[in-house]
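Engineer: Here you go, one structure.
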Amino acid sequence: MATTVILGSGIIGLSTAYYLSRHQPASSIHLVDSSSELFASASGFAGGFLAKDWFHPHSSELGALSFEAHRDLAEKHGGREKWGYSRTVTVSYEPRGRQPNGRRGEDWLLEGTSRVGLVRDKAEKHGEVPSWLRRVEGDAVSVVDDGEGTAIVDPLKLCQFLLDECKAAGVQVHHPATALSVGTDVRGELARVRIGYTDSSTEIDIPASRLVVCAGAWTPQVFASLFPGAGARIPVASLGGHSLVVKTPGGAGEACHSVYCSLETLSPELYSRPNGVIYLAGVNSTAIPLPPLATGATPVEQSVVELKALARRLIASEGQELEVVRTGLCFRPITDRGTPFLARLADEQLGGEIRTRAGAEGGVFVATGHGPWGISLSLGTGMVMAEMMSGKQTSADVSALGL
């Protein structure tokens, strides 16, 4: 029987473990994470926006699969109450009229342009514009999705739900722990992963004929440390992003909204959640160093100040001060091609000293590089990775997402 070690217990690792437990005994699945506090980066601090068809053609099937999986999971387990799942009316907002010559396209994240530029169907939809959006005469506001193709979740609460489900099923969770090395059997095939608990001096060997590396922006370092002679390189970089969660004096209203703005130099994103708070992000930088651990991220004060100024500009507060619920800094794993890596690595890519068992009995897998779409693509990614490892036909075509 194949045993599986998953390195990274964020939403991609949790989703993989959740769906893999349908294909093999949950007790043979091990989640390993280096942080003492789980979900301290993008899995806990992301906006939680879900889209059905806003994706690059190579990941379009994965996007549609994941969107339906999010809806199905919420319907089955009371997602609105447990993790704030809700349809969301998605709005494009441009102060002082439209800017038709503004930049648009797949490079929106690094260029600081609006994500809504990815929507291929430009026909305006019907839906209410949020009452909390501060507007003046001459502003351009249009509804780009009426809630049929976009939704919202609180990613931290979704991760906690998935973790509880995995634990209840029997998945073994190790943290804070780091993967130290991989070992082979007498045939030279992957047979174990040695981990060390960083809150003690304890080291143990976990039997493993399959290994999944899905540590977000930290994936390249984790992979290189375990396979120093590998011919493969994981071409993933980190993008630091600040966020702010505020509560308005009058609340955010019953309906949930996603608002994408095109301002002079920034394109902030705002999401109202069912619990009455508004999430704001859009101050990003590749210059922020990736800390050794997710818990080591410290928000840059100037970026927080900038977000607070944006909040005052964009959110109507009836002359009262907005209550700041929390600030955050997380790191998104980004790729030059704009799509994630979901793949089984060939033995040759591991450096030649380690081989893996053939078929569903073994393998080294990578699932990373989701950029700003990690929450949206999470459940579909977990489903597909579980199917890939189990030798089943995948529910979405991810053949173009190899390494």
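The values are calculated or read from the model by the stated rules, or taken from the named source; none is laboratory data. No experiment lies behind these values; they were computed from the predicted model shown. Every residue, glycine among them, receives a Cβ derived from its backbone with ideal geometry; neighbour counts consider all protein chains shown. Keep in mind that these areas ignore ligands, DNA and RNA; they rest on the heavy atoms of the full protein, side chains included. Shrake-Rupley method; radii C 1.70, N 1.55, O 1.52, S 1.80 Å.
Engineer: For region 336-363: of the residues being assigned to a strand (DSSP E or B) and open to solvent by 50 Å² or more (accessible area, probe 1.4 Å), which is nearest to L401 (Cα to Cα)?
Structural biologist: R344
Engineer: Please enumerate the residues belonging to region 327-351 that are in contact with a Phe, Trp or Tyr (Cβ under 6 Å, 6 or more places away or on another chain) and on the phi > 0 side of the Ramachandran plot.
Structural biologist: Within region 327-351, just G351 meets the criteria.
Engineer: Now for a separate question. How many residues, within region 225-248, are closer than 18 Å to P340 by Cβ, open to solvent by less than 10 Å² (accessible area, probe 1.4 Å) and among the small types (G, A, S)?
Structural biologist: 1
Engineer: Out of the residues in region 199-224 meeting the condition of being over 25 Å from the mean Cα position of the chain (by Cα) and in contact (Cβ under 8 Å) with a residue 40 or more places away in the chain, tell me which one is most open to solvent (accessible area, probe 1.4 Å). Can you show your working first?
Structural biologist: To start, the set of residues in region 199-224 that are over 25 Å from the mean Cα position of the chain (by Cα) comprises 199-209.
So of that shortlist, the ones also in contact (Cβ under 8 Å) with a residue 40 or more places away in the chain come out as 199, 206-209.
Working: D199: 109, I206: 4, P207: 80, A208: 1, S209: 3 Å².
If we take residues in region 199-224 being over 25 Å from the mean Cα position of the chain (by Cα) and in contact (Cβ under 8 Å) with a residue 40 or more places away in the chain, then D199 is most open to solvent (accessible area, probe 1.4 Å).
Engineer: Please specify each residue of region 1-26 satisfying the condition of being open to solvent by less than 10 Å² (accessible area, probe 1.4 Å) and β-branched (V, I, T).
Structural biologist: Within region 1-26, T4, V5, I6, I11, T16 meet the criteria.
Engineer: Which of the residues belonging to region 27-42 are open to solvent by 10 Å² or more (accessible area, probe 1.4 Å) and in a helix (DSSP H, G or I)?
Structural biologist: Residues satisfying the conditions are S27, A42.
Engineer: Out of all the residues in region 267-297, which are out of contact with any helix residue (DSSP H, G or I) (no Cβ under 7 Å at 6 or more places or on another chain) and among the hydrophobic types (A, V, I, L, M, F, W, C)?
Structural biologist: Hits for region 267-297 are V277, I278, A281, A287, I288, L293, A294, A297.
Engineer: Go through region 347-392 and report how many residues are without any contact (Cβ under 8 Å) to a residue 40 or more places away in the chain and hydrophobic (A, V, I, L, M, F, W, C).
Structural biologist: Total meeting the criteria: 1.
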